[in-house]
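The values are calculated or read from the model by the stated rules, or taken from the named source; none is laboratory data. Just so it is clear, the structure is predicted and the values come from calculations on it, not from any experiment. Don't worry about glycine lacking a Cβ; one is built from the backbone with ideal geometry, like all the others, and counts go over all protein chains shown. These area figures cover heavy atoms from the full protein model, side chains too; ligands, DNA and RNA do not enter into them. Shrake-Rupley method; radii C 1.70, N 1.55, O 1.52, S 1.80 Å.
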Amino acid sequence: MIDILLSTYNGEKYLKEQIDSIIHQTYTDWTLIIRDDGSKDNTQNIIRSYTDRYSNIIQIQSSENIGVIKSFETLLKHSNSDYFMFCDQDDVWLSNKLELSIAKIKEMESTTRTDCPIVVHTDLTVVDSNLDTIQPSMFKMFNLKPSLIYSNINYALLYNAITGCTLIGNRAARNFAIPFPSNISMHDSWLAQSALLNKGRVGTIYTPTILYRQHGGNVLGATADTSINGRLRKYINDYNFYKVFAGSFAFIKYFYWKCRFFLKLRICNG
């Protein structure tokens, strides 16, 4: 059984399309758990229209606005199945997303200890509001190198190649990840970092499993603040998070692993 964890906020425009894409998955052993983060539009009525019709679609009765990270943490605490997945409100899942994801994580579990925390993520196809393709591969769009990033815990603490709406994790990954630390940048990166910090594994499926919709109302998306202030803010946040785990001489270690990563990335890119 997979618990699919969906956090919503003013998602009336695209929510039906997302839920319908889950309903039409080729793998059918799932429960969709929804938490609304205080929507002011028709989102609640849309959710109710599904929970009234489907026994495996349920809603957590909480409407307080606590933000995306806390909302997903709350959902994760409500998950009791062997596997969980995160879900955004405005994407479209390709019909084999669950099938590919569960096959990959079970394959990884078969080759390691039973209490090993494992998370698996996939590539995405970036699309516009009408689902027309912007970029067939988000990995290529941002030159992401998951196999490099998750080969070393120091890289994983500094970089993230995981988009949360592609992630599947097992029960051990859930247990190690909660409660979330107060200074994490995002729930998806923390799940990978937590798994590796506890001698777990991160797996990658290089096939896109999601149409990752970009539009004016995205809470998060396939964009980045490339201004000087934006880059500086990111480096400061990265360093503040990294030093929690790096101990003494944190800045020296941070700079060292940054340099090592960029050198390896340059070699990988030829």
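For this structure, a couple of remarks:
- Residue ID - modelled with the highest pLDDT, chosen from residues in the range 25-44 that are part of a loop (DSSP other than H, G, I, E, B) and open to solvent by less than 40 Å² (accessible area, probe 1.4 Å): 25
Matching residues to (1) part of a loop (DSSP other than H, G, I, E, B); (2) polar (S, T, N, Q); (3) at pLDDT below 95:
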site: 70; (1), (2), (3): no, no, no
site: 74; (1), (2), (3): no, yes, no
site: 79; (1), (2), (3): yes, yes, no
site: 84; (1), (2), (3): no, no, no
site: 98; (1), (2), (3): no, no, no
site: 103; (1), (2), (3): no, no, no
site: 106; (1), (2), (3): no, no, no
site: 111; (1), (2), (3): yes, yes, no
site: 116; (1), (2), (3): yes, no, no
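- The set of residues in the range 118-137 that are touching a Ser or Thr at 6+ places or on another chain (Cβ under 7 Å) and either in a strand (DSSP E or B) or crowded, with 17+ Cβ neighbours inside 10 Å (or both) comprises 120, 121, 122, 123, 124, 125, 127, 133.
- Residue list for the range 149-202, filter: closer than 21 Å to residue 83 by Cα, part of a helix (DSSP H, G or I) and of a type in the set (Val, Ile, Thr): 166
- From 22, 47, 4, residue being open to solvent by less than 80 Å² (accessible area, probe 1.4 Å), out of contact with any Cys (no Cβ under 9 Å at 6 or more places or on another chain), among the aliphatic types (A, V, I, L, M) and not in a loop (DSSP other than H, G, I, E, B): 47
- Residue match in the range 171-179 (condition: farther than 20 Å from residue 123 by Cα, open to solvent by 10 Å² or more (accessible area, probe 1.4 Å), more than 14 Å from the chain's Cα centre (by Cα) and modelled with pLDDT under 95): no
- Residue 182 of a type in the set (Ser, Thr, Tyr) and farther than 27 Å from residue 268 by Cα: yes
- Residue match in the range 60-80 (condition: of a type in the set (S, T, N, Q), closer than 26 Å to residue 130 by Cα, surrounded by 20 or more Cβ atoms within 10 Å (Cβ to Cβ) and in contact (Cβ under 8 Å) with a residue 24 or more places away in the chain): no
- Checked against (1) touching a strand residue (DSSP E or B) at 6+ places or on another chain (Cβ under 9 Å); (2) crowded, with 17+ Cβ neighbours inside 10 Å, residue 145 passes all but condition (1).
- Selection from the range 50-59 of residues that are open to solvent by less than 70 Å² (accessible area, probe 1.4 Å) and in a strand (DSSP E or B): 57, 59
- Complete set of residues in the range 245-270 that are assigned to a helix (DSSP H, G or I) and open to solvent by 90 Å² or more (accessible area, probe 1.4 Å): 251, 252, 255, 256, 262, 263, 266, 267
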